[in-house]
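I have placed the structure first, in the form of structure tokens, so that the comments after it can refer back to it.
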Amino acid sequence: MIDQLKKQLEEVKSFTADSQDAIEAFRIKYLGKKGLLNDYFQELRNIPKEEKKVFGQTVNELKIAATEKIQELKNNLQDKEEVKSLYGDLTRPGEPLELGARHPTSLVKNQIIDIFSRIGFTVSEGPEIEDDWHNFTALNLPEYHPARDMQDTFFIQTDPDILLRTHTSSVQVRYMENHKPPIRTISPGRVYRNEAISARSHCFFHQVEGLYIDKGVSFADLKQTLQYFTTALFGKSRIRLRPSYFPFTEPSAEVDVYWGLETETDYRMTKGTGWLEIMGCGMVDPNVLDNCGIDSKEYSGFAFGMGIDRIALLLYQVSDIRLLSENDLRFLKQFKSIL
């Protein structure tokens with residue numbers, strides 16, 4: 001009888017099942033009212049006295065083994081069912097994922113960064129909430145300077161010295177304060193001006209400004225750099241520089257690119273001239289270099305700045321700048337196929 005119990009014990013330990021019905025049949029076979037364990041317990045009274053202890057221990061061992069096996073099989077089956085319900089049929093074709101889109105402003109910004117990185121310009125960034133020194137004074141715009149009226153500024157009311165930056169030139173000031181020449185960097189970012197919102201202007205927009213400082217930098221270097229940039233971005237090689245005024249550069253110029261007059265849209269954008277203004281530029285004023293701790297007698301440099309949003313409107317033929325900030329999916333979905 002002991003040998004029979006041990007044989008049943010081995011069968012219990014080696015038993016496997018892959019369905020709830022098989023586990024239930026196994027439970028009934030051993031633990032049911034008419035199961036084998038019940039028969040073995042009833043047989044205990046017929047076992048000789050000297051064998052009862054060993055027989056009883058073996059029956060209890062069989063009961064424990066059967067109970068643990070049932071629980072183990074149930075747990076395994078439950079784990080398999082959870083995995084199946086979570087993943088389903090792994091051989092099925094996957095659900096199509098909707099392709100996202102980059103914002104047109106980001107697309108143009110990345111293009112500009114890529115073009116200037118080819119000629120050694122690094123990217124520098126700074127805070128959008130600025131102080132008066134970095135946004136105005138260091139850039140040759142002392143207090144009460146009339147040129148401050150050129151940029152309608154958002155001031156923080158609790159502190160008149162704190163404001164929302166009106167250009168990313170403030171980043172260039174911070175960069176010059178913390179780096180020694182040669183300096184070659186561009187500063188993309190969002191800027192703010194207290195202007196009426198319309199199809200052509202907004203109270204916030206995006207700029208990228210460039211700065212190059214070294215010994216012997218000339219206006220010819222500036223023109224050649226801008227020639228390279230306009231050819232790479234627009235595919236247009238003709239540019240012209242018109243005299244202009246900026247407080248932080250001297251001499252200063254506006255840069256126009258010859259867009260052409262091939263379509264009606266070209267006539268409208270260029271007002272029938274074929275020329276399109278894209279940025280301002282100039283040689284860095286010596287006062288700006290001195291304010292930032294750079295010896296203006298030893299070093300010279302040039303700077304330029306352009307509106308990313310305006311270039312995006314131009315490249316993608318968008319008629320209203322407000323579309324760039326309204327997050328209208330009907331508009332943004334047009335850029336899905338553009339990397």
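Structure data summary
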item	result
Nitroxide proxy distance, nm - points 7 Å out along Cα→Cβ at residue 237 and residue 68	8.6 nm
Estimated FRET transfer efficiency when R0 is 25 angstrom, pair residue 334-residue 122 (beta carbons, to 0.05)	0.20
In nm, spacing of pseudo-spin labels at residue 60 and residue 290 (7 Å Cα→C-beta vector)	10.1 nm
Top of 274, 301, 94 by mean-square fluctuation, Gaussian network on the chain, Cα under 10 Å	94
Distance-filtered residues of the stretch 176-202 - backbone nitrogen under 15 Å, label point 7 angstrom along residue 319 Cα→Cβ	199-200
Hits among lysines - C-alpha to C-alpha of residue 215 under 28 Å, sequence gap 8 or more where chains match	180, 223, 297
For the stretch 158-242: rounded, prolate or oblate by the Cα gyration tensor [a/c cutoff 1.5]	oblate
Options 119, 167, 191, ranked by Cα towards positive dipole end of the stretch 92-202, top entry (Cβ charges)	119
Gain on full stretching of the segment that runs from residue 38 to residue 177 - 0.36 nm per residue minus C-alpha separation	41.0 nm
Net dipole in debye of the stretch 94-137 [+1 Lys, Arg Cβ; -1 Asp, Glu Cβ; about Cα centre; nearest 20]	360 debye
Additional length obtainable on full extension of the chain from residue 113 to residue 133, 0.36 nm per residue less Cα span	4.5 nm
Cβ-placed point charges (K, R +1; D, E -1), dipole of the stretch 2-87 about Cα centre in debye, nearest 20	360 debye
GNM result for the chain, Cα springs below 10 Å: residue of 190, 27, 174 fluctuating most strongly	27
Listed candidates (1) -0.63, -0.74, -0.98; (2) -0.75, -0.83, -0.98; (3) -0.69, -0.80, -1.03 - label of the one calculated as log10 I(q)/I(0) by the Debye sum over Cα atoms at q = 0.10, 0.11, 0.13 Å⁻¹	(3)
Rounded to 5, percent antiparallel among DSSP beta bridges of the chain	95 percent
Separation of the residue 227 and residue 50 label points, Cα + 7 Å toward Cβ, nm	11.7 nm
Prolate/oblate/rounded label for the stretch 2-87 (Cα gyration tensor, a/c 1.5)	prolate
Pairwise FRET efficiency - residue 97 versus residue 250, Cβ, R0 = 45 Å, nearest 0.05	0.25
Residue pairs, from the table 34/63; 6/52; 13/74; 29/53; 13/63; 6/69, whose Cα atoms sit over 20 Å apart	29/53
Dipole magnitude of the chain about its Cα centre (Cβ charges: Lys, Arg +1; Asp, Glu -1), debye to nearest 20	1360 debye
The stretch 28-52-the stretch 253-298 distance, computed between alpha-carbon centres (Å)	101 Å
Candidates 125, 195, 50, ranked by Gaussian network fluctuation over the chain, Cα under 10 Å, top entry	50
Options 316, 335, 202, ranked by Cα towards positive dipole end of the chain, top entry (Cβ charges)	335
Ranked 53, 6, criterion: other C-beta atoms within 10 Å, fewest first	53, 6
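FYI, it's all coordinate maths here, none of it is from the lab. These numbers were taken from a predicted model, which means no experiment stands behind them. For neighbour counting, all protein chains shown are included, and Cβ atoms are generated from backbone atoms with ideal geometry for every residue, glycine included.
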